[in-house]
Amino acid sequence: MELLFSLVTGVLSASGIYLLLRGRTFSIIVGLALLSYAVNLFLFSTGGLHTHSAAVIGESAAPADPLPQALVLTAIVIGFAMTAFVVILAIRARAELGNDHVDGKQGEEGSTR
Amino acid sequence: MSQHLLVFPILLPMLTALALLLMGQAPSQLQRRISIASTSLLVALSGVLLVHANSDVISVYNLGNWQAPYGIVLVLDRLSALMVALTAVLALGCILFASAGDDARGSNFHGIFQLQLLGLNGAFLTGDLFNLFVFFEILLLASYALLMHGGGKARIGAGLHYVVLNLVGSALFLIALGVLYGATGTLNMADMGYRITQLEEGNAALVTAGALLLTVVFSLKAAILPLYFWLPSTYASAPAPVAALFAIMTKVGLYALLRIQTLIFSESPAIVYIDAWLWWGGLATLLLAGIGALAARDLRTLVAYLVLVSVGTLMSGAGMGHISGTGALLYYLVHTTLIAGALFLLAELIGLQRGKAGTRLVRARKLQQSTLLGSMFLVGAVAMAGLPPLAGALGKLLLMQAADAFQRFWLWPLLLLAGLAAMIALSRAGSVFFWASYKGAPSGPRVTSLQLSGVTWLLVSAPLLVLFAGPVSHYTQATAEQLASPQHTIQTILPDVNAADFALRPEGDH
């Protein structure tokens, strides 16, 4: 399970960073979303990976650490608000600047940058 | 009552913000009065906290009465009190200036401004790393909205970069928190600092990784060399009162760096890397920002680069890694934050009276009130470039004295060169604005009394900091000494920790 979990986190953050480095706001937003998924999964795993252990004392023999779950919840809420904000900002930038390039200038014709 | 005093710098802006947001989007006279009154109250409150902290007591406030390290704590020591007071003083100047009409260019200015203060005060007072993250997000979200206030192409373009960079920074912050929590099992800063001293070998590498990640995140906020390229365009395009308030934003990063450097990682092997990073990064920032100031073609960009010069100066002070360096940098910090704020406000006033040329360094029509603006610009420029007799020179002198023999070799030439660059750039700007003007009747709006009071409130700090240099530098020196003995802080926050667990540290070292 550890291997699968770390692979998922790694692939998510690698794709997120790749998309972040692209030149259009849409790919950047998708990249940010992927990166925040990776971060949330990573935070969740900081309490250790256990199966069949609830975060309540008495429910299971070895209760899981509840704090990472609380942290993830906070991080998800904040990340959600931030994604909403950056989407609106990107639309506003598209309207004001006339294109969706991060520098506000269109690249070369046919360039996918 | 008095034990609850600690939470008021957070509660007061929060309640004011809620009230203001409910009162409608366009600023009314009532909204302005409430906002100014609340910020003035914050200044008074932070004064009380400052006096309280000056008695060498570290006060701890357990939110919800949950004991540390299980609950979130607010901690007021000398450094927190100083930063909260600085924020309040700067904010009052900005809000006075904004009330003259800048607040009407977009919606909800005053409400968001108070939210920004909530985030700033919270970040300075909290004693919990995750809570610090939350307050960072509050202040960042408020700063995004304030930066975009009034709209316009330049703001949206610069804002997009700023937002995306800070979101990536937040992701790194969370990863660092995860690593540190996994390695130490706590998020309370004092508890983490204590547990790192008791750590077994296996987790030391993880702690170092987490520490360096945190350093990168805070360096992004503080704008040190490889991570500062967002700052000039962002600050230059922000509305004047917002840019002035942002002068404290880089100092939030510095504050967080000082905290982790002294309280959390002072006993960890990572401290060597952190000190080295701050020292060399600070020096490099100093050099490049000096060149940037010379190359700036606009007064706002110029002031933004001068903010970077001060960041470089402060960081190299933090990188010295000894008490007198920290004490000196704190004195310089108070001065540079207020003067940078004042210069941003002045730039706006100058730009308004120059018509289309704005703040660009080109010949334009004569200023309406060139004597008034010119004399204020002179005071601001002398203070910012660090010339005697104002506080900038004293701050630099303290820093140069604090450096030891090897450090002097690097710091003195760079600091003096950056000062020279700032002086040349500012005098060039001043002579273009006040002497190289076309003939013809001046026009443009006159400075209103509110704008004047905002700028004067901030500028007056330069002579005041010289007059009261004794008490202020005594306070900052005591702050540095308090920071250098984290075991005292740890014992105040966690009374159960055994004093014998701390090995005695060598004098004058973190």
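Readers should treat all values here as calculations from the given coordinates under stated rules, not as data from a laboratory. This is a predicted model, so every value here is computed, not measured. No Cβ is skipped: glycine too gets one built from the backbone with ideal geometry, and neighbour counts run over all protein chains shown.
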Can you list the lysines whose alpha carbon is less than 29 Å from that of B:LYS221, not counting same-chain residues fewer than 8 positions off?
A:LYS105, B:LYS153, B:LYS251, B:LYS396
B:SER59 long-range amide H proximity, modeled H, under 5 Å:
B:LEU76
Counting only other chains, what is the mean number of Cβ atoms within 10 angstrom of the Cβ of each residue in peptide B:178-186?
4
Provide the descending list of Cα extents for the range B:181-309 along its principal axes, expressed in whole angstroms.
55, 27, 18
Check which residues have an amide H placed less than 5 Å from A:SER60's amide H, if you skip close sequence neighbours.
A:ALA54
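Need one word for the range B:264-380: rounded, prolate or oblate. Basis is the Cα gyration tensor (sqrt eigenvalues a ≥ b ≥ c); a/c below 1.5 gives rounded, then a/b vs b/c decides.
On the way: a/c = 4.14, a/b = 2.46, b/c = 1.68.
Prolate.
Can you give me the convex hull volume of the Cα atoms of the protein assembly as shown, divided per residue and expressed in Å³? Before the final figure, lay out the partial values.
Values: hull volume 101.5 nm³, N = 623.
Expressed per residue, the convex hull around the Cα atoms of the protein assembly as shown is 163 Å³.
Kindly rank B:384-393, B:463-472, B:256-265, B:219-228 from highest to lowest mean number of other beta carbons found within 10 Å of each residue. The partial results should precede the final answer.
Values: B:384-393: 21.7, B:463-472: 14.6, B:256-265: 25.2, B:219-228: 23.5.
Going by the mean number of other Cβ atoms within 10 Å, highest first, we get B:256-265, B:219-228, B:384-393, B:463-472.
Packing-wise, with mean Cβ within 10 Å as the measure, how do B:200-208, B:324-332 rank, highest first?
Values: B:200-208: 13.7, B:324-332: 25.7.
Going by the mean number of other Cβ atoms within 10 Å, highest first, we get B:324-332, B:200-208.
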Once a ≥ b ≥ c are taken as the square roots of the eigenvalues of the Cα gyration tensor of the range B:166-211, is the result rounded (a/c under 1.5), prolate (a/b larger than b/c) or oblate (a/b not larger than b/c)?
prolate
Which Rg and Dmax, in Å, describe the Cα atoms of chain B?
22.0, 77
For the range B:227-233, what does the Karplus curve 6.51 cos²θ - 1.76 cosθ + 1.60, with θ = phi - 60°, yield as ³J(HN,Hα) per residue in whole Hz, taken in order and with x for Gly and Pro?
10, 9, 5, 6, 5, x, 6
Could you work out, residue by residue across B:152-164, how many beta carbons of other chains sit within 10 Å of that residue's beta carbon, and then give the average as an integer?
5
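Using the Cα centre as the reference, give the magnitude of the dipole from point charges on the C-beta atoms of the range B:2-496 (Lys, Arg: +1; Asp, Glu: -1; all else neutral), rounded to the nearest 20 debye.
Its charge dipole is roughly 2480 debye.
Using alpha carbon coordinates only, what is the Rg to Rh ratio of the range B:132-211, with Rh defined as the Kirkwood radius? Intermediate results must be reported in sequence, preceding the final value.
Numbers: Rg = 17.3 Å, Rh = 14.6 Å.
My calculation of the ratio gives 1.18.
Count neighbours as other Cβ atoms within 10 Å of each site's Cβ, and list the chymotrypsin sites (Phe, Trp or Tyr not before Pro) in the range B:1-73 that are DSSP loop with at most 13 such neighbours. Could the numbers behind the result be given before it?
Details: sites: B:TYR61, B:TRP66, B:TYR70; in loops: B:TRP66, B:TYR70.
Taking the range B:1-73 and a limit of 13 other Cβ atoms within 10 Å, the loop chymotrypsin sites (Phe, Trp or Tyr not before Pro) found are B:TRP66, B:TYR70.
Kindly point out which whole DSSP H helices in chain B project their C-alpha atoms 20 angstrom or further along the helix axis while averaging a Kyte-Doolittle hydropathy of 0.0 or above. Could you put the intermediate results ahead of the total?
Numbers: long enough: B:8-22 (21 Å, 2.37); B:29-53 (36 Å, 1.05); B:78-98 (30 Å, 2.17); B:109-125 (24 Å, 1.11); B:129-147 (26 Å, 2.16); B:153-184 (46 Å, 1.34); B:204-222 (26 Å, 1.94); B:270-295 (37 Å, 1.60); B:299-319 (30 Å, 1.49); B:323-352 (44 Å, 1.60); B:370-385 (21 Å, 1.79); B:405-434 (43 Å, 1.36); B:469-484 (22 Å, -0.25).
Helix filter hits for chain B: B:8-22, B:29-53, B:78-98, B:109-125, B:129-147, B:153-184, B:204-222, B:270-295, B:299-319, B:323-352, B:370-385, B:405-434.
Using only the C-alpha atoms of the range B:399-438, find the volume of their convex hull and express it per residue in Å³.
Values: hull volume 1.8 nm³, N = 40.
Expressed per residue, the convex hull around the Cα atoms of the range B:399-438 is 45 Å³.
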The range B:338-484, dipole about Cα centre (Lys/Arg Cβ +1, Asp/Glu Cβ -1), debye to the nearest 20
940
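Relative contact order (percent) for chain B, with alpha-carbon contacts under 8 angstrom and 6 or more residues of separation? Present the calculation step by step, with values, prior to reporting the outcome.
Values: 827 pairs, mean separation 80.2, N = 510.
16 percent.
If we count other beta carbons within 10 Å of each Cβ, what is the order of A:LEU19, B:LEU411, fewest first? Please report the intermediate quantities before stating the final value.
Numbers: A:LEU19 19, B:LEU411 26.
Result, fewest neighbours first: A:LEU19, B:LEU411.
Tell me the Kirkwood radius of the range B:91-188: reciprocal of the mean inverse pair distance over distinct alpha-carbon atoms, in Å. If you can, show how the numbers build up before the last one.
Values: mean 1/r = 0.0668 Å⁻¹.
Result for the range B:91-188 stands at 15.0 Å.
Have a look at the DSSP beta bridges in chain B and tell me what percent are antiparallel, nearest 5.
So the antiparallel bridges amount to about 90 percent of the total.
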Of the candidates B:ALA104, B:LEU11, B:LEU459, the farthest towards the positive dipole end of the range B:2-496 (Lys/Arg Cβ +1, Asp/Glu Cβ -1, centred on the Cα centre) is B:ALA104
Would you pull out the residues with amide H under 5 Å of B:ASP128's amide H, same chain only if 5 or more places away, H placed 1.01 Å from N?
B:VAL73, B:MET189
Can you classify chain A as rounded, prolate or oblate using the Cα gyration tensor, where a ≥ b ≥ c are the square roots of its eigenvalues, rounded means a/c under 1.5, and otherwise it's prolate if a/b beats b/c and oblate if not?
oblate
If each part is reduced to its alpha-carbon centroid, the range B:311-357 and the range B:133-162 end up apart, in Å, by 21
As I understand it, the dipole of chain B uses +1 on the Cβ of Lys and Arg and -1 on the Cβ of Asp and Glu, about the Cα centre. Which of B:LEU174, B:GLY440, B:VAL51 lies farthest toward its positive end?
B:GLY440
